[in-house]
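K.L.:
Just dropping this structure here.
The values are calculated or read from the model by the stated rules, or taken from the named source; none is laboratory data. None of these values were measured; they are calculated from a predicted model. Methodologically, a virtual Cβ is constructed for each residue, glycine included, from the backbone with ideal geometry; neighbour enumeration extends over all protein chains shown.
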Amino acid sequence: MKIHTHHDVANTGTIEQVRYDTAGADGTVFHKCANVYVPYGYDTANRYNVLYLIHGGGGDENAWLKECDIQNALDCLIEEGLAAPFLVVFPCFYRERTPRGGPMDESAERGAVLGFQRELRQDLIPLIDGKYSTISSREGRAIGGFSMGGVTTWFAFLENLDLISTFMPLSGDCWYYGGLGGGKYTEETAQYLYETTKAGPFGKDDFRIFAGTGSKDIAYPNLTPQVEAMKKYTDLFEFSDDPEEGNFHYVVTDGAEHTYPAVCQHVYNFAPYLVKLT
Ligand code: FER
C-alpha cells in the first residue's frame with residue numbers, strides 16, 4: 001500500500017464552492033453547497049475525471065478537508081505523476097445541516113444517503129458537468145466515501161451505476177436491508193448486490209470496486225463479511241489483490257481505526273486506479 005506523508009509541493013490545487021438548489025420529494029427546496037478541489041494547471045482545453053468524495057455521519061462538505069490532509073494528498077498524487085489531474089467534489093449528503101447530537105439514528109442516516117442518490121443524479125452531476133470541463137460519462141466518474149459515505153457509495157452502486165463506473169467504499173458497508181447490513185444481513189446483501197446488477201446492462205468489465213478499511217475499524221466486522229460473501233459471485237465481482245486485475249479489491253490496513261486520516265491513506269493508494277490516466 002502506498003502511504004502519503006505530508007510534504008509541501010510546488011504546485012497546489014484550489015478549493016472552490018459551488019451552490020445549488022435541490023428539491024425534496026414534497027417540493028421543498030434546499031440550498032446546498034459542495035466544495036470542489038480543482039487541480040493545479042486546470043485548463044478547459046482538457047477534460048477531467050471527477051471523484052465524488054462523501055463525508056461520514058454527522059459531517060458535511062467540509063469534513064474531509066477539515067479532518068485530514070486530503071488536499072495535500074491530492075496535490076502530491078498529481079505532482080508526483082501518480083494520477084492524472086482530476087477534480088474532487090465534496091458534497092453534503094444531508095438535505096439540511098443537522099449535526100448529530102445523540103446516538104446514531106440508523107433509519108434517518110439510511111434515508112439521507114438514499115435521498116442523496118436522486119440529488120446526485122438530478123442536481124449535482126449536471127451542475128458539475130456544466131460548470132467544469134469534465135469527462136461527462138460514467139467512465140469519467142468515481143464515487144467514494146468514509147463510513148456513512150461508504151454506505152452512500154454502495155447505494156450509488158445500486159442506484160447510479162449508469163452514471164458512475166468506479167466505487168470506493170471506505171469503512172462503510174451496504175445498508176440496503178438495514179443498518180450495518182453487511183454484517184447483519186451478509187448473504188442477503190451480497191446476493192442483492194449481485195442480482196440487481198446482473199439484471200441490468202452492466203457487466204464486470206463496466207465497473208470497478210475499491211473497498212478499504214482498517215483491522216481496528218468499527219466497520220471492519222460489517223464490511224469484511226460482505227466483501228467475502230460477494231467474492232463467490234465471480235462472474236460479476238472478480239476479486240484480485242492486484243488493483244490492475246479483476247474489478248473488485250479490498251485493502252485492510254493493519255491496526256487502523258475509524259478515522260478520516262486512516263481512510264485518507266486508502267484514497268491516496270487507490271487514486272491512481274480510480275481515474276484513468278489520460
Ligand atoms: C459501519 C458503517 C457505518 C459501521 C458504522 C457506520 C459500526 C457509521 C457510523 C456512524 O456514522 O456513526 O459498518 O459499523
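K.L.:
Which members of segment 173-187 meet the condition of being more than 19 Å from the chain's Cα centre (by Cα), in a helix (DSSP H, G or I) and closer than 22 Å to Ala108 by Cα?
P.N.:
Result: Gly183, Lys184, Thr186.
K.L.:
Given the criterion within 16 Å of the ligand (Cβ to nearest atom) and either in a loop (DSSP other than H, G, I, E, B) or surrounded by 15 or more Cβ atoms within 10 Å (Cβ to Cβ) (or both), identify the matching residue among Arg95, Arg100.
P.N.:
Working: Arg95 fails: within 16 Å of the ligand (Cβ to nearest atom).
Testing whether each residue is within 16 Å of the ligand (Cβ to nearest atom) and either in a loop (DSSP other than H, G, I, E, B) or surrounded by 15 or more Cβ atoms within 10 Å (Cβ to Cβ) (or both) leaves just Arg100.
K.L.:
State whether one or more residues within segment 199-221 are modelled with pLDDT under 95, surrounded by fewer than 16 Cβ atoms within 10 Å (Cβ to Cβ) and aliphatic (A, V, I, L, M).
P.N.:
No, segment 199-221 contains no residue that is modelled with pLDDT under 95, surrounded by fewer than 16 Cβ atoms within 10 Å (Cβ to Cβ) and aliphatic (A, V, I, L, M).
K.L.:
Please pick out the residue among Glu67, Glu79, Glu61 that is among the acidic types (Asp, Glu), under 18 Å from Tyr132 (Cβ atoms) and either buried (at least 22 other Cβ atoms within 10 Å of the Cβ) or touching a Ser or Thr at 6+ places or on another chain (Cβ under 9 Å) (or both).
P.N.:
Values: Glu67 fails: under 18 Å from Tyr132 (Cβ atoms); Glu79 fails: under 18 Å from Tyr132 (Cβ atoms).
Just one listed residue meets the conditions, Glu61.
K.L.:
Out of everything in segment 251-261 that is away from the ligand (no atom under 16 Å from the Cβ) and in a loop (DSSP other than H, G, I, E, B), what residue ends up being surrounded by the fewest Cβ atoms within 10 Å (Cβ to Cβ)?
P.N.:
Top of the filtered list is Asp254.
K.L.:
A further question on this structure: What's the number of the only condition in (1) under 28 Å from Thr196 (Cβ atoms); (2) in contact with a helix residue (DSSP H, G or I) (Cβ under 8 Å, 6 or more places away or on another chain); (3) buried (at least 16 other Cβ atoms within 10 Å of the Cβ) that Cys264 fails to meet?
P.N.:
(1)
K.L.:
Okay, moving on. Pairs under 6 Å by beta carbon, first residue in contact (Cβ under 8 Å) with a residue 12 or more places away in the chain and part of a helix (DSSP H, G or I) in segment 221-250, partner away from the ligand (no atom under 14 Å from the Cβ) and not hydroxyl-bearing (Ser, Thr, Tyr), six or more apart or different chains?
P.N.:
Ala229/Glu187; Ala229/Ala190; Met230/Ala190; Met230/Phe237
K.L.:
Within segment 117-135, is there a residue that is among the aromatic types (Phe, Trp, Tyr), closer than 22 Å to Pro169 by Cα and modelled with pLDDT of 95 or more?
P.N.:
no
K.L.:
Next question. Any residue in segment 107-119 that's of a type in the set (Asp, Glu): show its pairings with residues that are in a helix (DSSP H, G or I) and away from the ligand (no atom under 14 Å from the Cβ) at Cβ separation under 7 Å, as long as the two are six or more apart or on different chains.
P.N.:
Qualifying pairs under 7 Å: none.
K.L.:
A further question follows. Need pairs with beta-carbon distance below 8 Å; first residue farther than 21 Å from Ile70 by Cβ and within segment 128-146, second part of a loop (DSSP other than H, G, I, E, B) and of a type in the set (A, V, I, L, M); sequence gap 6+ or separate chains.
P.N.:
Listed by first residue and then by second, the contacts come to Ser133/Ala45; Arg138/Leu161; Arg138/Leu163; Arg138/Ile164.
K.L.:
So Asn49 ticks every box in (1) within 27 Å of Gly101 (Cβ to Cβ); (2) within 17 Å of the chain's Cα centre (by Cα) but one. Which box is left unticked?
P.N.:
(1)
K.L.:
Would segment 160-170 turn up any residue that is hydroxyl-bearing (Ser, Thr, Tyr) and within 16 Å of the ligand (Cβ to nearest atom)? Break it down into steps so the answer makes sense when it comes.
P.N.:
Kept after step one, since they are hydroxyl-bearing (Ser, Thr, Tyr), are these residues of segment 160-170: 165-166.
If we keep only those that are within 16 Å of the ligand (Cβ to nearest atom) too, we end up with none.
No, there is no match, as no residue in segment 160-170 is hydroxyl-bearing (Ser, Thr, Tyr) and within 16 Å of the ligand (Cβ to nearest atom).
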